[in-house]
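In what follows, a single structure is set out as C-alpha cells and then discussed.
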Amino acid sequence: MRTSNSFMASLLALASSSVAQIVETANGAIQGGKCSRTDSRYFVGIPYAQPPVGELRLKAPRPFTASYNGTFNATVAPPSCIQFNELFAESNTQSEDCLYLDIWTPSTATADSKLPVKVWLYGGSNEAGGISDPTYDGCYATSDSIIVSISYRTGPLGFLALSSLGLEGNFGIQDQLLGLQWVQENIAAFGGDNTKVLLFGQSAGATDAYVLSTLPQAPKLFSAAALESGGGRDPATPQKVQSWQQHFLDALNCSSSDLSCVLSASADAFTAADSAMPSEVAPGATTPFNREGARATWGPVFDGQVIPELPTKAGNQVPAIFGFNAAEGTLFVFGEYLADTFKLNQSDYDDFLTYNFGPLAPKVNETYSVDKFNSSQYPYFAAMSTILGEVSYKCPAYRALLASEKNGIPAWTYEFSHKPSCAWYASIPYSILSYVGATHTAEIPFVFNTTHNMPLPGGNCTFTTAEQSLAAAMSEAWTSMADSGSPGAKSDWPQWTGNSSAGVNIDVSMVVGTVDYKSCLFWDAIYDESVKIVG
C-alpha cells in the first residue's frame, strides 16, 4: 500500500493544506487540505480496498479494514491504476496498488450537514484514466454538495475474462461497487447524505455507471445516475471475447491453462502484451452499437453473476439522465486521420463504411450519402463524425431511455451542442478547437464547473461570462439530481417520454425543447440486421 508521508507534485490545483480538516472514520482519523482557488477541501488517496496485488490480482476486491495507525494524510495524490491506452493515460505514477478514492467537500461541511453526494466514474475506454486527472478537479463544484471520485482497474487487470483460467472478469465493475459501498458506510463523516447519491460518469465511465444502475442492488448504493455519452450498450458475453482475449495470453507468453504465469507476469509485461495485440474487433462486438473504435476494447462482460441480466433488458433501477454531445465523433475522426482529416475523399469514406458496417455499408451509404453533408466545409469529415456519434453515443442513449420508460423509472435527456471557447484538455490543439466543436468530453468542464485556467491545471484561457453561467447551471442540475432525483428541481427540465422526446438543448444556456432521436430508428434497423449477420 502507498505511504501517506510524502507529497506528489501533480494533483489538480491543490495547494495549501495549512488549514487542514480532520475527519473521523471507522479506520481512524483522515486529514485533508484546502483547495488553492476555492473555499473547498479535499481528501485524496483514501483506500477503499486492499491492494489488488499478489494473490489478490485478477480477483474481486476486498474491503480495506485496517486501522490507519495514526492520522491518515489525505493530501497525497494516489497512483493511477496501470494504463493500457496512451490516448487516455494519466501522467502521474502508475501502480497495481491503486484502489483509492478522492473526496471534495465545502469548507463548512460537518458530520451533520447531510449534503447531496456526486460520485464520479472517469472514462478512458476501460483501458485508462484516473481520479487525478485535473479535468475532474472537484474543488470547483462543491459549494452545496460533496464529490467523490473512485479509481478502478482497467484493461486486462480489470476485465480479463478467460474461462480456461477460471477468470470471470468484471473486476473493474466490482471495484466500482465496493467504492460505492464505502461511500454508503463512510460519507456521513464528511458531511454527506448516503440516501442522496448521484452516480455520474462519462464515456466508458458512463457505460459502467449504466451497467451498475441496472443491477438489483443499485437503489441501495445510489439514488440517481447521470450518464454522459455512455449507457445503453450491452456487454459481450464471456464466450464472445475468448478468442480475442486469447491473443493477450499469447502476447504475454502464457498458455491458456497456466494461471500462475499470468499472475506472476509484471505490470510492464501486461502493458506490453496489450500493446502487441492485433488491431482487430472482437468476435460478437462488430454490431454498430457495440463498436468503440479501431480495435476491441476491454470492458464488462455479461457473466450472469456480477451482471445477472443484460443492462438494456433490465433497464436502470434509479432515476437517470441520459445525454450526448452534438459532435461526439469529431475527436475520433481527428484522432484517426490527424493531418489528413481535411483531405478525406470518397475512397476513404467507402473504406470507413465497409470497415464499420461490412455488408450493410451500402444501406448506410444510401441514408448517409456524403452529398447530404455538402453544406459542411469538409463533408467527408462531417459524415464520418455524424455516424460515429449517432452509432456510439446518441442512439445507445435512446435505447436506454426506452428501457427506462418500460420500467416506469423517471428519465431525462439532453443534447450538448455548445462549442467551448477554451480547450479543456492540453492534448486538444487550439488549431482544431473550432472544428471539433461540441465533441466527446466537451461537457466535462461544465459539469465540474471548471471555468478558469483552462486547460487545467495551469492554462491561460478563461471561459466567457455566458459559459461560466452555463457551467454553474449544469453543475447545479447534477447536484439537484443527487438531492431530489430530478435535474429540474430548480429549473424547467422536463421528464422524457417517448411521445414527446422532451429534454434540454445545451448551448450557451440550457433551453427546454425536444431532443431529436429520429435517426435512431434507422440505426435500430441496422443494428438488428447486423446481429443476424454476426450472431
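The values are calculated or read from the model by the stated rules, or taken from the named source; none is laboratory data. Note that the coordinates shown come from a computational prediction; the quantities given were computed from them, not determined experimentally. All Cβ positions, glycine included, derive from the backbone under ideal geometry; neighbour counts span all protein chains shown.
Hey, among 503, 488, 437, 535, which residue is surrounded by 14 or more Cβ atoms within 10 Å (Cβ to Cβ), modelled with pLDDT under 95 and among the small types (Gly, Ala, Ser)? After ruling out the rest, the residue left standing is 488.
Residue-level check: of (1) under 30 Å from residue 477 (Cβ atoms); (2) within 24 Å of the chain's Cα centre (by Cα); (3) touching a residue at least 40 places away in the same chain (Cβ under 8 Å), residue 245 misses just (1). Within segment 363-400, the set of residues being polar (S, T, N, Q), in a helix (DSSP H, G or I), closer than 23 Å to residue 434 by Cβ and out of contact with any Ser or Thr (no Cβ under 7 Å at 6 or more places or on another chain) comprises 386, 392.
Residue-by-condition table, conditions (1) in contact with a strand residue (DSSP E or B) (Cβ under 8 Å, 6 or more places away or on another chain); (2) not in a helix (DSSP H, G or I):
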| position | (1), (2) |
| --- | --- |
| 405 | yes, no |
| 413 | yes, yes |
| 418 | yes, yes |
| 426 | no, yes |
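Can you find a residue that is in contact with a strand residue (DSSP E or B) (Cβ under 9 Å, 6 or more places away or on another chain) and not acidic (Asp, Glu) anywhere in segment 348-356? No; the residues of segment 348-356 include none that is in contact with a strand residue (DSSP E or B) (Cβ under 9 Å, 6 or more places away or on another chain) and not acidic (Asp, Glu). Considering only residues in segment 506-532 that are in contact with a Gly (Cβ under 9 Å, 6 or more places away or on another chain) and among the hydrophobic types (A, V, I, L, M, F, W, C), the one that is surrounded by the most Cβ atoms within 10 Å (Cβ to Cβ) turns out to be 506.
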